[in-house]
């Protein structure tokens, strides 16, 4: 059995670990919002900003597909199994071989994109390909930003190792450097280029390098810094790759969903990619702080319980994760739907980003907010399958979601003429349907059971959010009547703080105590 490093953190409760991840994720998202404030002020909803956000999606698609997606979902359960059941040397061997694979695969992919740049622009943004000025800029930006994939893939591998060994804070804090890098480059390098968009692009590649070097120290402390091992295949890595195949297909379908959204957005009016990007960024704030944080912590825990055949604990922790998601997801959805426009005005309306852009962004934000609870639940529900080393079921569900999303995107955005709002609404509907399917399968297999206790908890959560909706709706109606923008912003900031306190007070009055969160 693996001997833990003396520097490894002692066992903490799930909520404590989730809180650490949420704290660092919160800081990262705040810096992300500052980054978006800087970039939108600099570029507005211009052609250059549209190109930047779309081209940056290309390395991110492959990052989520290979490094943070299929590979991570297969790697963490297998590494957890080796950590618990095998020697430290055998565990390190799996890490070394996995590192070599990620290093070579991401390096080769970067080379292919450099050679076939126009092809990748055509695949991801056909609307840019047939516009000469957009195509020229897209190729330049993609060649600068795509090497980021190489560095961030190694960062993702490192983060998976650290998470498995209980170092959740380090991977959660790492994205802060991505945001800081772009902010600093936008401020200090913009005057050195013909267009400030190139300063942002170079900020991306610098960020990848900084993030990788940040994590190396912590791997050294755990004596887990990977080394090259060109004999990639052994029992552990074969298992990882076997689990990866349906994971890559499932992840590929997820990324195809993003690709379809990007393709459709590139065919809409100028500004649409930027409006969608900013509304998605606001959705990512609660999704990252709560949804991804809870799933990140719960995956190794569920994996360990399944390996140890502790099925009762597995079900209890899964139920806890679902209820915790709902406690945070529903009020987040309500707040973004009701207060989206004043929040966007506070954050982004300055420089080249105007009131009309804010309204268009708020419309797609409302559409996204309808599915926020589903986006967050999917993270935890799918983790329960990956923890059991079942990557096939999420693949089937993801394919169904993809087919529905393609149809809804065309139907809502083009046939009904809802434009970028239709794309956001289609994503929300597809996510809600996916959650229903996940729930039915888990319920049929008795991993989710409707008990009296769980039913009472759900009723309490829904009751709290009904009261919360009435109060926040009253607040939103009154803040819109304030004509002075500075006063409106001040009231909004203090109002949000009051609403957060008010919501948790309602939960307390309904019987939720600190003991619920101590798991």
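Please treat every number below as a calculation from the coordinates, not as lab data. For clarity, every value in this text was computed on a predicted model and none was experimentally measured. Every residue, glycine among them, receives a Cβ derived from its backbone with ideal geometry; neighbour counts consider all protein chains shown.
Computed values, structure above
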item	result
Residues 513, 281, 190 arranged by fewest to most Cβ contacts within 10 Å	513, 190, 281
Ranking of 275, 24 by count of other Cβ atoms within 10 Å, fewest first	24, 275
Residue 123/residue 399 FRET efficiency (R0 25 Å; Cβ-Cβ; nearest 0.05)	0.80
Contact order normalised by residue count of the chain, Cα under 8 Å, 6+ apart, percent	21
Sequence-separation-based contact order of the stretch 271-519, relative, with Cα cut under 8 Å and 6+ spacing, percent	23
Contour excess over end-to-end distance, with Cα ends at residue 189 and residue 267 and 0.36 nm allotted per residue	24.9 nm
Distance (nanometres) between label positions extended 7 Å along Cα→Cβ at residue 27 and residue 352	3.2
Whether the chain is rounded, prolate or oblate, judged on the alpha carbon gyration tensor where a/c under 1.5 counts as rounded	oblate
Helix-only CD estimate at 222 nm, as mean residue ellipticity for the chain, using -39500 (n - 2.57) per DSSP H run (n ≥ 4)	-26500 deg cm²/dmol
Ordering of 445-454, 468-477 by packing [mean C-beta count within 10 Å, highest first]	468-477, 445-454
Stretchable slack from residue 221 to residue 486, in nm (0.36 nm times residue separation minus alpha-carbon distance)	90.5 nm
Full-extension gain in nm, residue 316 to residue 510, via 0.36 nm per residue minus C-alpha separation	67.7 nm
Label-point separation, residue 89 to residue 230 (7 Å along Cα→Cβ), nm	2.3
Residue order, fewest to most surrounding Cβ atoms within 10 angstrom, among 496, 108	108, 496
Euclidean distance between Cα centres, the stretch 116-179 to the stretch 339-394, Å	20
For the stretch 47-270: relative contact order, % (alpha-carbon pairs under 8 angstrom, 6 or more apart)	36
Anisotropy class of the stretch 105-211 from Cα gyration tensor, a/c 1.5 cut	oblate
Prolate/oblate/rounded label for the stretch 271-519 (Cα gyration tensor, a/c 1.5)	oblate
